[in-house]
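Asks: Have a look at this one before I ask anything.
What follows is calculated from the coordinates using simple rules that are stated; it is not laboratory data. No experiment lies behind these values; they were computed from the predicted model shown. In this analysis, Cβ positions are derived from the backbone assuming ideal geometry, glycine residues included, and neighbour counts consider all displayed protein chains.
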Amino acid sequence: MATALVSLLQRLPVCIISGGRFEQFQAQVLDQLTAPEQILSRLHLMPTSGTRYYSRQQGAWSQVYSEDLSAEEKARIMQVLEETSRTFGYWEEHPWGELIEDRGSQVTYSALGQAAPLDAKAAWDPDGTKKSLLVAHATPLLPDFEVRGGGSTSIDVTRNGIDKAYAVRKLMTQIHAAPEELLFVGDRLDEAGNDYPVLAVGVPCVPVTSWQDTLTVIAQFIEWWGGVTGSPQFRIISNYPDAARHGRAGA
């Protein structure tokens, strides 16, 4: 994946938006990259579902903004998430790591614990029913916040209006791009997912289900970009059909 990312960065700017902390970005992405500053300067990082934004400046990662929650807001969110989990009998007494994380600008509930193995996460809620129940129950109890399904076992909570759509708009301002010039790749583009708000911005989106899918999309995109194929070999969805024919300025 690191090789594929560098190959993509050689051609155009790339932004990674994820529910994880910056420290996870550092360990899982940045520490794996070997690239000159010219390439790294094209990489944009938006941890905690885009509630924070980092760009490369003078050889270091610099925080551009952070939409932090107050201590009172975080305490309220944590209380609701725990009570909701216990209501449905999902509260895990022997988790792998923290069940509820204070990520500064986001609070995340991970049903099995943040460090649960991938196979356990995949088996916990294969059809998304459990997360949908949790989101539906918690949302009216947190009217001032966005409550959305994150990863395979997680629920992310941010302030109202601070979601991945907000992040994409910030990115467009930074790189001077229109929605139809971007291409967003996400595994939670379903209505309850934390990628879903991006569709409302008008950005063409590519649905995937795994990192392997993403690797395939990158390879196919590079072929398309280089003119090897005349049209994308991956499925693009958009709230604005005309936009699906573009998506070449950024990824």
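Asks: Rg and Dmax in Å for the stretch 71-159, alpha carbons only: what are they?
Replies: Taking only Cα atoms of the stretch 71-159, I get Rg and Dmax of 11.9, 35 Å.
Asks: What number, in percent, do you get for the relative contact order of the stretch 109-155 if the mean sequence gap of Cα pairs under 8 Å and at least 6 apart is divided by its residue count?
Replies: Values: 36 pairs, mean separation 23.8, N = 47.
Contact order relative to length: 51 percent.
Asks: Using Cβ contacts closer than 10 Å as the measure, can you line up T216, T84, T48 from fewest to most?
Replies: Values: T216 15, T84 23, T48 30.
Fewest-to-most Cβ neighbours within 10 Å comes out as T216, T84, T48.
Asks: With loop defined by DSSP as not H, G, I, E or B, and exposure as at most 11 other Cβ atoms within 10 Å, which is the longest segment of the chain clear of exposed GluC sites (Glu not before Pro)? Can you show the working numbers first?
Replies: Details: sites that count: E93, E191.
Free of exposed loop sites, the longest segment is 94-190.
Asks: Express the relative contact order of the chain as a whole percentage, based on alpha carbon pairs under 8 Å and six or more residues apart in sequence. Each step should come with its number before you reach the end.
Replies: On the way: 422 pairs, mean separation 40.2, N = 251.
Value for the chain: 16 percent.
Asks: With both bridge residues required to lie in the chain, what share of the DSSP beta bridges run antiparallel, to the nearest 5%? Show your work: numbers first, answer last.
Replies: Values: 21 of 30 bridges.
Here the antiparallel bridges make up roughly 70 percent for the chain.
Asks: Ranked by Cβ crowding within 10 angstrom, fewest neighbours first, how are L199, L183 ordered? The partial results should precede the final answer.
Replies: Values: L199 20, L183 24.
Ordered from fewest to most neighbouring Cβ atoms within 10 Å, L199, L183 come out as L199, L183.
Asks: Now for a separate question. So how do W124, W211 line up by other beta-carbon neighbours within 10 Å, fewest first? Numbers along the way, then the final one.
Replies: Working: W124 16, W211 10.
Starting with the residue having the fewest Cβ neighbours, the order is W211, W124.
Asks: Still on this model: Hey, could you pull the Cα Rg and Dmax for the chain, both in Å?
Replies: Rg and Dmax of the chain, Cα atoms, are 18.1, 54 Å.
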